[in-house]
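A.B. asks: If you scroll down you'll find the structure; I have some questions about it.
The values are calculated or read from the model by the stated rules, or taken from the named source; none is laboratory data. No experiment lies behind these values; they were computed from the predicted model shown. FYI the Cβ positions are ideal-geometry reconstructions off the backbone, even for glycines, and counts take in every protein chain you see.
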Amino acid sequence: MKKVILIADDSPTIRKFVTVALSVKGFEIIACADGMEAMEALPTQKIDLVITDLNMPNVDGYELISSIRKNEDYRELPIIVLSSLGNTEDIQKGLESGANSYLIKPFDPKRVVYEVSKYLN
Amino acid sequence: MMEQKTNMENIFDKLGDLKSFFIYGQKLIPILQKIIDFMQSTVPLLENVNREIQDSTSKIPKAALQINRVTNATEVATTEILDVVDGVSMDIHSMKDKLQSIKSRMGEDDDLVTLLGMIEKIETRMMNITISLQVQDITSQQLSSVNHLIQSIQEKLSSLVKDLTNKENKEIPSIDLYPRDGTFNADARYDKNSKSQELVDSLVTKRNNSKTSQEEIDKLFANQ
């Protein structure tokens, strides 16, 4: 059975990049345009990993990660942040909110595949 | 008699004051005339400035719309290129699988090894295309930041026009900040240099190490 990855990013091109990089490796991708959509999509099926941006409308990445971590069912769900925010404070804030990994945009698709495989294989 | 004299002196004093006031007034009239002339020549200038501000303010949403159009066009083009990259990547992936199965059936073959090596090179190049295409996301964030700046200038100019004309300018449409309404990173940079990622990795490692140390300490105390 295919592992399911949820990607939350307000940029359609980034959603497409991640889909292209991961679907070729056999992962199923659910793409959401913001944190709100991601929160609604989470309970609808079994999600194995979440990739999220930080700057998003409605519900941002920090809020999404925090709400995931507050839920007992998703406490162990791997979360990878994919953001263009590259200063120490943002990175620490992202990690402290509960993310497992943090990747800077522009990202190397190989690195995304590596990070995902680290948690799912 | 003495009292009458004092009153007359007072009247003359007052008349003297009045005289000096008129003399001063005579000196002041040309200055006042100059001020009036200056004001008269300034009013059309101010009206012109006001008209220019109103004109510029009404042009601002058009500039913002053009920026949005650029973002949308690059977004569509990037998605189209990515669709092609996706299709080619899938083809390469199945080609690689087939060559691997031929290799396992036929054993080591120089041509097969060469072909697999070439396919890997193509895969790497396709990956590099996707990295380069991420410039669209970065530029769209920068353009959104420019639009945001334009919006604040429009707000300032609109309030200036309102103050000058004493009425709200209803003709100026608002700026649509699509696609990134306040969710952009103005400092986003297209930087393929791995230094930023190295900083992140060092922070993650540091955090994980301190986490491990804490786990070890807890374990140590639990054993005692």
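A.B. asks: Within region A:62-90, how many residues turn out to be assigned to a loop (DSSP other than H, G, I, E, B) and surrounded by fewer than 16 Cβ atoms within 10 Å (Cβ to Cβ)?
C.D. replies: 4
A.B. asks: Tell me which residues, restricted to region A:80-121, are in contact (Cβ under 8 Å) with a residue 40 or more places away in the chain, among the β-branched types (Val, Ile, Thr) and in contact with a strand residue (DSSP E or B) (Cβ under 9 Å, 6 or more places away or on another chain).
C.D. replies: Residues satisfying the conditions are A:112, A:116.
Here is a yes/no grid of residues against (1) touching a residue at least 40 places away in the same chain (Cβ under 8 Å); (2) under 33 Å from the mean Cα position of the chain (by Cα); (3) crowded, with 16+ Cβ neighbours inside 10 Å:
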position: B:59; (1), (2), (3): no, yes, no
position: B:70; (1), (2), (3): yes, yes, no
position: B:74; (1), (2), (3): yes, yes, yes
position: B:94; (1), (2), (3): no, no, no
position: B:101; (1), (2), (3): no, no, no
position: B:105; (1), (2), (3): no, no, no
position: B:136; (1), (2), (3): yes, yes, yes
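A.B. asks: On to the next question. Run down B:212, B:183 and say which single residue is of a type in the set (Ser, Thr, Tyr), at pLDDT below 80 and part of a helix (DSSP H, G or I).
C.D. replies: On inspection, the qualifying residue turns out to be B:212.
A.B. asks: Another one. When the residues of region A:38-67 are filtered to those that are among the charged types (D, E, K, R) and more than 22 Å from residue B:86 (Cβ to Cβ), which remaining residue is farthest from the other protein chains (Cβ to nearest Cβ)?
C.D. replies: A:46
A.B. asks: Of the residues B:66, B:54, which is more than 30 Å from residue B:136 (Cβ to Cβ) and away from chain A (no Cβ under 14 Å)?
C.D. replies: Criteria check complete, one pass: B:54.
A.B. asks: Moving to a separate point now. In region A:103-121, how many are assigned to a helix (DSSP H, G or I), closer than 22 Å to residue B:207 by Cα and facing another protein chain (nearest Cβ under 9 Å)?
C.D. replies: Result for region A:103-121: 1.
A.B. asks: Collect the residues in region A:91-102 that are more than 7 Å from chain B (Cβ to nearest Cβ), outside any loop (DSSP other than H, G, I, E, B) and buried (at least 21 other Cβ atoms within 10 Å of the Cβ), keeping them in residue-number order.
C.D. replies: A:94
A.B. asks: Return the residues of region A:1-21 that are under 14 Å from residue A:79 (Cβ atoms) and within 7 Å of chain B (Cβ to nearest Cβ); say none if nothing qualifies.
C.D. replies: none
A.B. asks: Restricting to region A:1-18, what's the tally of residues that are part of a strand (DSSP E or B) and touching a Pro at 6+ places or on another chain (Cβ under 7 Å)?
C.D. replies: 0
A.B. asks: Of all residues in region B:83-108, which are touching a Leu at 6+ places or on another chain (Cβ under 9 Å) and either more than 10 Å from chain A (Cβ to nearest Cβ) or more than 29 Å from residue B:188 (Cβ to Cβ) (or both)?
C.D. replies: B:95, B:96, B:99, B:100, B:102, B:103, B:106
A.B. asks: Now for a separate question. Residue check: is residue A:72 within 17 Å of residue B:208 (Cα to Cα) and over 14 Å from the mean Cα position of the chain (by Cα)?
C.D. replies: It is false that residue A:72 is within 17 Å of residue B:208 (Cα to Cα) and over 14 Å from the mean Cα position of the chain (by Cα).
A.B. asks: Still on this model: Given the criteria surrounded by fewer than 24 Cβ atoms within 10 Å (Cβ to Cβ) and under 13 Å from the mean Cα position of the chain (by Cα), does residue A:57 qualify?
C.D. replies: So residue A:57 fails the test.
A.B. asks: Separate question: Go through (1) under 29 Å from residue B:80 (Cβ atoms); (2) part of a strand (DSSP E or B) one by one and return the number of the condition residue A:55 breaks.
C.D. replies: Failed condition: (2).
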